[in-house]
Amino acid sequence: MRDATYQKFLHRWEQVTDLPPQTVGPFTPYYKRAVKRLKVMPWPVLVGISLIGAIGLYMVLGSTITLIASLLQRGF
Amino acid sequence: MDIAGSLLTGGIAFVQNIVGIVFRPYETYRRLVARRSLWELVYLGAFLAGYFALASVVKTSAFRPFLLTRQFVVLAAGAGATYLGAVGMIWVIGKKLGGKGTLAGVMVGWGYTLVPTLVWFFATSLLYVVLPPPRTTIAAGIVFSIVYLIFSATLFWWKLILAYLTLRFGLRLDLQRIAIVALAAVPVVAVYSVGMYWLGIFRVPFL
């Protein structure tokens with residue numbers, strides 16, 4: 001039983017340490033904080049960014065936003 | 001393992017991975033690239049074929065077998081060529097930048113990035129039938145446009161995350177080199193997109 005648990009731990013350890021951690025110089029702590037939210041259940045962040053983007057686009061373009069939606073709808 | 005066994009195992013892994021890339025993309029990608037089972041792509045291919053069949057009906061607007069078959073073949077060939085081209089380009093540029101990994105890993109990783117693409121194209125095709133464009137500038141039209149843009153952008157970000165994870169785990173590249181691959185790919189993708197548009201295959205690139 002202990003061997004099996006140890007093997008499982010070892011496998012997981014190898015998996016995690018397989019790739020060197022990503023660093024971005026002085027911005028590493030901010031990068032880690034941002035990425036943490038995207039690794040598991042990223043949808044709240046993705047929808048939030050998209051919502052802000054779409055509303056921002058509406059504030060800039062006004063009703064012309066419907067033109068972009070129409071173009072995309074013909075895009076398939 | 002025989003073909004039926006491999007297909008069954010691939011099918012189970014495909015379902016697990018689809019759920020995984022929705023809720024735990026990072027961990028799932030590490031696992032699926034390490035396993036690099038090309039059998040899983042068979043199921044993805046089946047879903048793509050289903051979409052191309054639907055899109056052929058919507059685009060052709062006529063139940064003529066010849067036209068429908070031609071449209072299906074054009075869409076499938078266009079998407080297939082795009083997939084192989086994208087994998088080839090990622091592989092060549094990634095290797096030149098010192099990437100380590102297997103081609104099968106990149107193929108499986110990039111294959112799963114087609115899931116958001118497929119969801120967007122499928123939803124857009126259905127919406128084209130249910131709420132055909134153009135959108136009006138009244139309140140309902142604007143609200144729909146905003147919701148549709150949020151939906152499209154969300155899937156685009158998801159796609160970007162999966163593409164990043166393909167390069168991260170498939171070629172073991174760091175963020176800087178992934179950015180270089182992306183920058184190198186932009187002009188190629190731009191030319192490809194214009195080509196697909198002029199050929200009338202995809203207006204939005206099926207990447």
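The values are calculated or read from the model by the stated rules, or taken from the named source; none is laboratory data. Small disclaimer: the values here were computed from a predicted structure and weren't measured. In this analysis, Cβ positions are derived from the backbone assuming ideal geometry, glycine residues included, and neighbour counts consider all displayed protein chains.
Sort out which residues of region B:122-142 are part of a helix (DSSP H, G or I), more than 7 Å from chain A (Cβ to nearest Cβ) and more than 28 Å from B:Leu207 (Cα to Cα), and write them in order of number.
Narrowing region B:122-142 to residues part of a helix (DSSP H, G or I): B:122-130, B:139-142.
Now narrow it down to the ones that are more than 7 Å from chain A (Cβ to nearest Cβ): B:122-123, B:126, B:129-130, B:139-140.
Within region B:122-142, B:Ala139, B:Ala140 meet the criteria.
Within region A:33-43, which residues are in a helix (DSSP H, G or I) and under 18 Å from B:Gly20 (Cβ atoms)? If the condition is that a residue be in a helix (DSSP H, G or I) and under 18 Å from B:Gly20 (Cβ atoms), then A:Val35, A:Lys36, A:Arg37, A:Leu38, A:Lys39, A:Trp43 are the ones that fit.
Reported count of residues in region A:41-76, each being within 21 Å of the chain's Cα centre (by Cα), within 16 Å of B:Phe144 (Cα to Cα) and not β-branched (Val, Ile, Thr), is 5.
Residues in region B:143-192 that are closer than 27 Å to A:Leu19 by Cα and either more than 10 Å from every other protein chain (Cβ to nearest Cβ) or touching a residue at least 40 places away in the same chain (Cβ under 8 Å) (or both): how many? Summing the residues that are closer than 27 Å to A:Leu19 by Cα and either more than 10 Å from every other protein chain (Cβ to nearest Cβ) or touching a residue at least 40 places away in the same chain (Cβ under 8 Å) (or both) in region B:143-192 gives 24.
Each row is one residue, and each column tells you yes or no for (1) without any contact (Cβ under 8 Å) to a residue 60 or more places away in the chain; (2) within 27 Å of B:Gly101 (Cα to Cα); (3) outside any loop (DSSP other than H, G, I, E, B); (4) touching a helix residue (DSSP H, G or I) at 6+ places or on another chain (Cβ under 9 Å).
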{"position": "A:Arg12", "(1), (2), (3), (4)": "yes, yes, yes, no"}
{"position": "A:Gln15", "(1), (2), (3), (4)": "yes, yes, yes, yes"}
{"position": "A:Thr23", "(1), (2), (3), (4)": "yes, yes, no, yes"}
{"position": "A:Tyr31", "(1), (2), (3), (4)": "yes, yes, yes, yes"}
{"position": "A:Leu57", "(1), (2), (3), (4)": "yes, no, yes, yes"}
{"position": "A:Thr66", "(1), (2), (3), (4)": "yes, no, yes, yes"}
{"position": "A:Leu72", "(1), (2), (3), (4)": "yes, no, yes, yes"}
{"position": "A:Phe76", "(1), (2), (3), (4)": "yes, no, no, yes"}
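Apart from one condition, A:Glu14 fits all of (1) of a type in the set (D, E, K, R); (2) out of contact with any Phe, Trp or Tyr (no Cβ under 8 Å at 6 or more places or on another chain); (3) at the interface with chain B (Cβ under 10 Å from one of its Cβ atoms); the exception is (3).
Rundown of residues vs (1) over 28 Å from B:Pro205 (Cβ atoms); (2) not polar (S, T, N, Q), yes/no style:
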residue: A:Thr5; (1), (2): yes, no
residue: A:Trp13; (1), (2): yes, yes
residue: A:Val35; (1), (2): no, yes
residue: A:Lys39; (1), (2): no, yes
residue: A:Val45; (1), (2): no, yes
residue: A:Val60; (1), (2): no, yes
residue: A:Gly75; (1), (2): no, yes
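Residues that are at pLDDT 95 or above, touching a Lys or Arg at 6+ places or on another chain (Cβ under 7 Å) and of a type in the set (Val, Ile, Thr) are absent from region B:69-89. Under the condition of being farther than 24 Å from B:Val33 by Cα and either among the acidic types (Asp, Glu) or modelled with pLDDT of 95 or more (or both), the residues counted in region B:163-207 number 0.
Does B:Leu160 satisfy the condition of being surrounded by fewer than 19 Cβ atoms within 10 Å (Cβ to Cβ), at pLDDT 95 or above and either among the aliphatic types (A, V, I, L, M) or more than 25 Å from B:Ala46 (Cα to Cα) (or both)?
Details: surrounded by fewer than 19 Cβ atoms within 10 Å (Cβ to Cβ): yes; at pLDDT 95 or above: yes; either among the aliphatic types (A, V, I, L, M) or more than 25 Å from B:Ala46 (Cα to Cα) (or both): yes.
Answer is yes for this residue.
A search for C-beta distances below 6 Å between a residue of region B:10-30 that is away from every other protein chain (no Cβ under 14 Å) and among the aliphatic types (A, V, I, L, M) and any residue that is assigned to a helix (DSSP H, G or I) and surrounded by 15 or more Cβ atoms within 10 Å (Cβ to Cβ), counting only pairs 6+ apart in sequence or on different chains, returns B:Ala13/B:Glu40. Do the conditions hold for B:Ser145, that is, is it touching a Ser or Thr at 6+ places or on another chain (Cβ under 7 Å), buried (at least 18 other Cβ atoms within 10 Å of the Cβ) and among the polar types (S, T, N, Q)? Yes.
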